[in-house]
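Since the structure comes first, as structure tokens, the remarks are kept for the end.
The values are calculated or read from the model by the stated rules, or taken from the named source; none is laboratory data. Keep in mind it's a predicted model, so treat the numbers as computed, not measured. When we count neighbours, we look across all protein chains shown, and the Cβ atoms used for this are built from the backbone with ideal geometry, even at glycine.
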């Protein structure tokens, strides 16, 4: 009901406005097409982005030696080649362990635009988030000391940290996570949708614009808004319970709030929802209408929204797999137990 009232208010406010104006009034924001504005939006003032940090962060992101087994890297679950996810309904980690709460891996693309990280929003930013999976037993299972031991045992890594942070840098676990986060902050994917909101009226087809209009009118922007089209904490199952809620024990944060996933590149991030129980985008749209908005979207409305969502497929950064420096006799031995 609340969503419908908001939609009605928006509709009355934007009479005579263009669709792009209507989208912005509804809370949608584009990725800036100006490099300086984008850098301001994605950078952390306490951890400024530099080319040296980005290069080093990329190497660490792809390095499986940061895991206890020596097999799992950040890219294992957040695979940049397949939408920044792993395609699993529950993330798989150390010793082939499925996530104990049956939680899927959210995409790392555009995560910089989230207000909070993790499904329960427990991390305020990417630097803090990057520390969690490395240490978590069901994920990479590597203690802080182990990670520091790996990095400091490899002379090339020591040199690169000095180039990125200065010769007197102290390589800590937190510094490793901070550097990975700098690289993740570059993983943004501007799309034709952003071109449309940035003023190119022909960037979206008439069908895609119709889908955007339906998306707004039905109240989807109540949760899927701002630059990420998601990324904030919202009640899940606001009107009626999610039909697969019993799969896993995740019920959100202490207030029952769940971090809203981004809709950017949504065609590549199936299966959908926190426990990965819905395989197709059309079914996910219908389920969202039912449990969040209290409406039964018909096939026409669902198809219109899906057409718009496909226009959120963005241009991804070119990723060349980094050649990692060799281990040494001082590098900690992997432990698969």
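The table below lists the values:
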| item | result |
| --- | --- |
| Condition broken by residue 183, with the remaining ones in (1) touching a strand residue (DSSP E or B) at 6+ places or on another chain (Cβ under 6 Å); (2) crowded, with 22+ Cβ neighbours inside 10 Å satisfied | (1) |
| Single unsatisfied condition, residue 82 versus (1) buried (at least 20 other Cβ atoms within 10 Å of the Cβ); (2) over 23 Å from residue 175 (Cα atoms); (3) touching a helix residue (DSSP H, G or I) at 6+ places or on another chain (Cβ under 7 Å) | (1) |
| Qualifying positions in region 283-332 - closer than 17 Å to residue 239 by Cα, touching a residue at least 60 places away in the same chain (Cβ under 8 Å) and under 23 Å from the mean Cα position of the chain (by Cα) | 288, 289, 292 |
| Filter result for residue 72 (at pLDDT 95 or above, in contact with a strand residue (DSSP E or B) (Cβ under 8 Å, 6 or more places away or on another chain) and either outside the structural domain of residue 95 (by TED's automatic domain parsing) or part of a loop (DSSP other than H, G, I, E, B) (or both)) | yes |
| Sole exception among (1) buried (at least 17 other Cβ atoms within 10 Å of the Cβ); (2) at pLDDT below 95 for residue 109, by number | (2) |
| Sole residue being surrounded by 15 or more Cβ atoms within 10 Å (Cβ to Cβ) and in contact with a strand residue (DSSP E or B) (Cβ under 6 Å, 6 or more places away or on another chain), chosen from 248, 276, 314, 252 | 252 |
| Among the candidates 285, 305, 291, residue that is surrounded by fewer than 21 Cβ atoms within 10 Å (Cβ to Cβ) and in a helix (DSSP H, G or I) | 291 |
| Filter result (without any contact (Cβ under 8 Å) to a residue 24 or more places away in the chain and in a loop (DSSP other than H, G, I, E, B)) within region 231-278 | 245, 246, 251, 254, 255, 256 |
| Meets criteria (surrounded by fewer than 19 Cβ atoms within 10 Å (Cβ to Cβ) and within 24 Å of residue 49 (Cβ to Cβ)) for residue 124 | yes |
| Residue check for residue 146: surrounded by 17 or more Cβ atoms within 10 Å (Cβ to Cβ), under 20 Å from the mean Cα position of the chain (by Cα), at pLDDT 95 or above and assigned to a helix (DSSP H, G or I) | no |
| Residue among 169, 158 that alone is over 30 Å from residue 272 (Cα atoms), modelled with pLDDT of 95 or more and in a helix (DSSP H, G or I) | 158 |
| Yes/no for residue 214 being touching a residue at least 24 places away in the same chain (Cβ under 8 Å), assigned to a helix (DSSP H, G or I) and under 19 Å from the mean Cα position of the chain (by Cα) | no |
| All positions within region 135-150 that are touching a helix residue (DSSP H, G or I) at 6+ places or on another chain (Cβ under 6 Å) and touching a residue at least 60 places away in the same chain (Cβ under 8 Å) | 139, 140, 141, 142, 147, 150 |
| Within region 196-211, tally of residues that are surrounded by fewer than 18 Cβ atoms within 10 Å (Cβ to Cβ) and part of a helix (DSSP H, G or I) | 3 |
| Failed item in (1) under 21 Å from the mean Cα position of the chain (by Cα); (2) buried (at least 22 other Cβ atoms within 10 Å of the Cβ), with residue 151 passing the rest | (1) |
